[in-house]
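What follows is a short report on a single structure.
The values are calculated or read from the model by the stated rules, or taken from the named source; none is laboratory data. As the structure is a computational prediction, the values presented were derived from the model and not from experiment. Every residue, glycine among them, receives a Cβ derived from its backbone with ideal geometry; neighbour counts consider all protein chains shown.
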Amino acid sequence: TTDNQNTQVTDGFHLVIDALKANDLDTIFGLVGIPITDLCRLAQAEGLRFIGFRHEQHAGNAAAIAGYMTQKPGICMTVSAPGFLNGLTALANATVNCFPMILISGSSEREIVDLQQGDYEEMDQLNAAKPYCKAAYRINHIEDIGIGFARAIRAAVSGRPGGVYLDLPAQLLAQTMPVEEAKKSIFKVIDPVPRQIPAPDAVERALNVLKGAKRPLILLGKGAAYAQADADIRALIEKSGIPYLPMSMAKGLLPDNHPQSASAARSFVLAEADAVLLVGARLNWLLAHGKGKTWGKDPKKFIQIDIQANEVDSNVQIDAPLIGDIGSCVGELLKGIAAVPKPADEWISAINEKKDKNMAKMAETLAKEASPMNFHGALRAIRDVIKQNPDVNLVNEGANTLDYCRAIVDMYKPRKRFDSGTWGIMGIGMGYAIGAAVTSGLPTVAVEGDSAFGFSGMELETICRYNLPITTVVFNNNGVYRGTDVNPTGGADVAPTVFVKNARYDKMIEAFGGVGYYVTTPAELEAALIKAIAEGKPALINAVIDETAGTESGRLTNLNPSTAAGKK
Ligand code: TPP
């Protein structure tokens with residue numbers, strides 16, 4: 001357009017798109033409405049990919065997992081107040097998991113919001129977002145769009161990655177400025193993920209701890225997977241000969257069948273190791289806070305590689321903090337690793353003995369042909385299919401479904417497993433699956449407890465609409481954890497954990513043109529999954545699981561508070 005002086009002008013809509021494009025952010029996961037509908041249309045018209053969801057939480061989860069896979073902030077776009085709040089859960093989850101994403105939300109007029117005069121979708125979104133993300137910004141003037149996006153991008157990906165909120169008032173989108181000036185205001189952020197080299201004395205301290213260790217262990221967290229330092233991490237493990245344990249989302253960073261993997265002897269190595277090198281893994285609840293029974297009687301020395309200095313000493317004293325980006329820290333350790341003696345033979349053989357025993361036990365359990373099908377039978381089938389299709393992205397949530405799948409289904413490549421993560425959250429399923437499929441273009445399998453699936457099930461329509469190569473497997477055991485509880489009063493309401501029995505989840509996807517499968521045996525499940533992956537079309541496999549199988553809260557039974565007074 002031109003203004004009355006005949007200079008070419010542009011507007012906020014165009015500059016937002018230009019800022020995304022300038023930074024190679026080519027996909028938006030979102031949900032339209034006032035004031036962003038035209039912005040989303042324009043994004044598509046300008047060649048960006050817009051993936052429209054049915055609920056903002058799942059758009060946010062898709063953006064978050066895209067960020068985890070690419071080291072670029074995933075972009076989620078929402079409308080004001082309720083749309084923003086729906087996206088906020090995903091933003092908070094991304095921040096807790098250290099996934100880089102930017103939640104961009106339209107917002108109502110500042111003057112009215114600030115005087116609380118009751119605007120359409122009135123909400124002070126900037127302040128609502130702040131406690132739940134790494135940074136929150138608002139752009140008030142069109143001249144600041146370039147700088148605003150630069151701040152958001154940098155905040156999301158530098159240092160410890162996380163969620164960033166970016167508030168775009170409706171008015172901003174309509175503002176205009178001369179094209180020539182506008183062009184100069186938009187730029188590509190230089191070195192958004194700067195390397196952070198560890199201090200030499202910290203490297204030496206870490207190597208000295210390893211030199212003094214008799215029973216060393218390396219623990220890989222999803223930070224290690226995120227770092228994309230795959231070759232160096234593998235070299236460090238193989239050159240040192242130190243056994244390693246992958247946390248859930250670090251599975252596949254080295255193939256799970258690697259001889260140095262101590263996964264099958266997890267309890268043993270955590271209890272018995274005398275020195276532990278944490279690589280992008282935090283000593284949070286998932287690692288029993290680094291203390292107590294899990295970690296055995298004898299004192300341990302910890303080395304911790306983390307980009308965030310104040311992660312150190314969060315739960316126990318860290319003997320050798322190594323602060324920097326994981327690639328640089330591992331690179332420095334590699335230079336000195338030849339001087340570290342190999343772990344004692346007794347340590348390695350003790351681990352191997354435990355592994356062999358536990359793996360034989362698991363093989364026996366997996367070989368049992370239970371009817372009705374249980375978690376083990378179903379996961380044996382999935383394990384075999386994933387082994388044949390190592391490029392498949394695997395999304396996983398539920399309680400028993402999560403815990404057993406993590407233990408049974410091996411991963412062979414990095415950043416292929418996406419799950420409930422740091423919070424143990426339900427509802428990431430379809431969002432992560434869509435984000436992973438869109439980002440990679442590869443077949444994606446979501447292994448879902450029936451309760452877990454319910455949180456994002458409506459996104460089956462999104463999957464069908466974009467014809468994504470996603471196969472959702474619902475482990476249908478009629479309820480949360482199990483399907484067997486009864487209402488002790490004999491009243492008409494079912495127990496709090498119970499769903500409609502024998503629900504036909506496979507029919508849901510048929511409503512949108514996808515392929516539904518109903519399976520009751522491991523052989524049927526295996527055949528359906530092979531077919532669905534090969535066809536590369538939206539599919540849902542309703543896998544009927546024994547409703548008596550599984551335990552309350554899966555492996556987390558002990559986290560349920562209990563009172564003697566309440567026991568009947
Ligand atoms: N709400 C959220 C957002 N996150 C949670 N983790 C929970 C509730 C509590 N929760 C933990 S696991 C779970 C729920 C509701 C569902 C477990 O049932 P299901 O997905 O069917 O898995 P199963 O144990 O049958 O494998």
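Some notes on this structure:
- Residues in segment 434-480 that are touching a Gly at 6+ places or on another chain (Cβ under 6 Å), outside any helix (DSSP H, G or I) and within 16 Å of the ligand (Cβ to nearest atom): 7 in all.
- Hits in segment 396-412 - residues which are more than 8 Å from the ligand (Cβ to nearest atom), touching a strand residue (DSSP E or B) at 6+ places or on another chain (Cβ under 9 Å) and under 23 Å from Gly483 (Cα atoms): Asn396, Cys405, Arg406
- Applying the condition of being among the polar types (S, T, N, Q) and under 13 Å from the mean Cα position of the chain (by Cα) to segment 70-88 and asking which residue is surrounded by the fewest Cβ atoms within 10 Å (Cβ to Cβ) yields Gln71.
- Residues that are more than 30 Å from Asp356 (Cβ to Cβ), touching a helix residue (DSSP H, G or I) at 6+ places or on another chain (Cβ under 7 Å) and either assigned to a loop (DSSP other than H, G, I, E, B) or among the β-branched types (Val, Ile, Thr) (or both) are absent from segment 243-260.
- The one condition in (1) at pLDDT 95 or above; (2) part of a loop (DSSP other than H, G, I, E, B) that Ala235 fails to fulfil: (2)
Conditions tested, residue by residue: (1) surrounded by fewer than 21 Cβ atoms within 10 Å (Cβ to Cβ); (2) within 23 Å of Ser108 (Cα to Cα).
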{"residue": "Val9", "(1), (2)": "yes, no"}
{"residue": "Ala22", "(1), (2)": "yes, no"}
{"residue": "Phe29", "(1), (2)": "no, yes"}
{"residue": "Gly33", "(1), (2)": "yes, yes"}
{"residue": "Leu42", "(1), (2)": "yes, yes"}
{"residue": "Phe53", "(1), (2)": "no, yes"}
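- Of all residues making up segment 147-168, the number that are touching a residue at least 24 places away in the same chain (Cβ under 8 Å) and surrounded by fewer than 22 Cβ atoms within 10 Å (Cβ to Cβ): 6
- Number of the exception - Ala370 against (1) more than 13 Å from the ligand (Cβ to nearest atom); (2) closer than 23 Å to Asp546 by Cα; (3) modelled with pLDDT of 95 or more: (3)
- Looking only at segment 96-111, residues that are buried (at least 24 other Cβ atoms within 10 Å of the Cβ) and closer than 18 Å to Met69 by Cα come to 7 in all.
- Restricting segment 384-395 to residues that are in a loop (DSSP other than H, G, I, E, B) and of a type outside the set (Asp, Glu) leaves a set whose member that is nearest to the ligand (Cβ to nearest atom) is Val392.
- Any hit, segment 437-449, residues being touching a Phe, Trp or Tyr at 6+ places or on another chain (Cβ under 7 Å), surrounded by 22 or more Cβ atoms within 10 Å (Cβ to Cβ), polar (S, T, N, Q) and under 19 Å from Ser420 (Cβ atoms): no
- Sub-6 Å Cβ pairs linking a first residue in segment 435-458 that is without any contact (Cβ under 8 Å) to a residue 60 or more places away in the chain to a second residue that is β-branched (Val, Ile, Thr) and near the ligand (Cβ under 8 Å from one of its atoms), at least 6 apart or interchain, are Gly449/Thr401; Ser451/Val480, ordered by first then second residue.
- Pick from segment 416-433, criterion in a helix (DSSP H, G or I) and surrounded by fewer than 24 Cβ atoms within 10 Å (Cβ to Cβ), ranking: nearest to the ligand (Cβ to nearest atom): Trp423
- When the strands (runs of 3 or more DSSP E) confined to segment 45-115 are screened for residues that are small (Gly, Ala, Ser) and touching a strand residue (DSSP E or B) at 6+ places or on another chain (Cβ under 7 Å), those reaching at least 3 such residues are found at 101-107.
- Here Thr521 passes the criteria (1) of a type in the set (S, T, N, Q); (2) touching a Gly at 6+ places or on another chain (Cβ under 9 Å); (3) within 16 Å of the ligand (Cβ to nearest atom) except the one numbered (3).
- Considering segment 423-478, and only residues there that are in contact with a strand residue (DSSP E or B) (Cβ under 6 Å, 6 or more places away or on another chain) and among the charged types (D, E, K, R), the residue that is nearest to Met508 (Cα to Cα) turns out to be Asp450.
- One residue alone among Leu39, Leu25 is aliphatic (A, V, I, L, M), assigned to a loop (DSSP other than H, G, I, E, B) and modelled with pLDDT of 95 or more, and that residue is Leu25.
- Whether a residue is polar (S, T, N, Q), more than 16 Å from the ligand (Cβ to nearest atom), touching a residue at least 12 places away in the same chain (Cβ under 8 Å) and more than 27 Å from Asp419 (Cα to Cα) was assessed, and Gln317 passes this test.
- Out of Met426, Met411, one residue alone is at pLDDT 95 or above, farther than 21 Å from Ala528 by Cα and of a type in the set (A, V, I, L, M). It is Met426.
- Among residues of segment 481-503, those that are within 16 Å of the ligand (Cβ to nearest atom) and either surrounded by fewer than 20 Cβ atoms within 10 Å (Cβ to Cβ) or over 15 Å from Gly454 (Cβ atoms) (or both), counted: 13
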